[in-house]
Amino acid sequence: MDAAGDGSRRRHGLPGGSRLRRLDGDTLATAIGTPDLQFPTAPGIRALYGQHGPDGLGWEFGYLGVYGMFADAAAVGNANLEIAPPLSSAVAGLRGASAARATYASVLNSAEANVLLTERCCHRPRLSGYAAECHRCVFTVDWLAGFRWAGLDEQAGLAFGDSPAALVTGYAVRTSSNLFGGQLGVRGRADWQAWAVEGWAKAALAGSVLAQSQDPIVDSITGDVYRSARGSRTDTPGGIFDVGATLVYRLSDTWGLRFGYSMLWLTGVALAPDQFDFAADTRAGARLDGNQTLWLGGANLGLEARW
């Protein structure tokens, strides 16, 4: 079981950060843009349990979770901050603000089940003038085939007010991305003396079930509901790609200390900030952008038990 210590995040495919912006109403300069909402670090956990069975066949179940990913960005002005037009022209509470804040939160869960085909090569120790010849070394390759699911739940909000202490949320969205697909992969491991090195690569071609929902947009000045609550759903192709490398120090014949680095890509997902719709037409808020990519990279530290 590994505990991930870094949940840094990057997004791709955004058109210059223009999908989420808070404009300075005087200069039309962008006060807050999508690139400002980058997650720093977040905790997570990776757990794997399985068995190498007879005749080189085996099985395993795995779980990966990253929690508490959160980012925010703020701006202050002199009654000159507004949401991107044309929505700012239609809702008085979304323009003429002196303080603004954007928030973004995300949670990722993933589970997998695989069957294993294992190939093992054992180098037996022997008397030699070379140190490597004097120690037993075992090379193991696991070929993986199975099923994987990944669920990404996000929310984002835009708030305005006369001061940072008096902000009122003017626009809030939530998204859900569920990816299901068959997975293929390979994992290699070399054990030598008290150390082991392990690396893996997995890829799943998935179908993505995406949904987004938006709270009503209420003018905080007049109290009128400008836009009712709405949402949308769609399906799209996606992918789950998982690679990593780990160094293991064996504490005993059973227990080992693991530390390494892993990366995860999800394609065909709906990111919450990309669902903000600043248009004023009848379909505003009912469109869904599901062609984005999530990248996570993190260091990990954990324990393993092998018997």
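The values are calculated or read from the model by the stated rules, or taken from the named source; none is laboratory data. These numbers come from a predicted model, not from an experiment. A quick note on method: Cβ atoms are made from the backbone with ideal geometry, for glycine too, and the neighbour counts reach across all protein chains shown.
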- For residues in the stretch 199-216 being of a type outside the set (Gly, Ala, Ser) and under 23 Å from the mean Cα position of the chain (by Cα), which is surrounded by the fewest Cβ atoms within 10 Å (Cβ to Cβ)? 205
- Item | Cβ-Cβ under 9 Å pairs, at least 6 apart or on other chains, the stretch 45-64 side surrounded by fewer than 14 Cβ atoms within 10 Å (Cβ to Cβ), far side β-branched (Val, Ile, Thr) | 53/118; 56/118; 57/115; 57/118
- Message: If I filter the stretch 229-245 for residues that are in a strand (DSSP E or B), under 30 Å from residue 95 (Cα atoms), in contact (Cβ under 8 Å) with a residue 60 or more places away in the chain and not hydrophobic (A, V, I, L, M, F, W, C), do I get at least one hit?
- Response: no
- For residue 252: the one exception among (1) within 30 Å of residue 86 (Cβ to Cβ); (2) not in a strand (DSSP E or B): (1)
- Within the stretch 141-174, track down each residue that is more than 20 Å from the chain's Cα centre (by Cα) and among the polar types (S, T, N, Q). 163, 169
- Query: Got a sec? Which of 46, 101 is within 30 Å of residue 179 (Cβ to Cβ) and among the basic types (Lys, Arg)?
  - Reply: 46
- Task: Quickly run through the stretch 196-230 and pick out the residues that are out of contact with any Gly (no Cβ under 9 Å at 6 or more places or on another chain) and under 28 Å from residue 264 (Cα atoms).
- Result: 209
- Message: Return the residues of the stretch 235-257 that are surrounded by 16 or more Cβ atoms within 10 Å (Cβ to Cβ), within 26 Å of the chain's Cα centre (by Cα) and among the small types (Gly, Ala, Ser); say none if nothing qualifies.
- Response: 238, 239, 244
- Message: Which count do you get for residues in the stretch 279-307 that are surrounded by 17 or more Cβ atoms within 10 Å (Cβ to Cβ), under 25 Å from the mean Cα position of the chain (by Cα) and of a type in the set (A, V, I, L, M, F, W, C)?
- Response: 3
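Per-residue answers, yes or no, for (1) at pLDDT 90 or above; (2) out of contact with any His (no Cβ under 6 Å at 6 or more places or on another chain); (3) among the charged types (D, E, K, R):
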position	(1), (2), (3)
123	no, yes, no
126	no, yes, yes
145	yes, yes, no
155	yes, yes, no
177	yes, yes, no
199	yes, yes, no
203	yes, yes, no
208	yes, yes, no
212	yes, yes, no
- Could you tell me which residue of the stretch 246-268 is nearest to residue 193 (Cα to Cα), considering only residues that are among the polar types (S, T, N, Q) and in contact (Cβ under 8 Å) with a residue 40 or more places away in the chain? 254
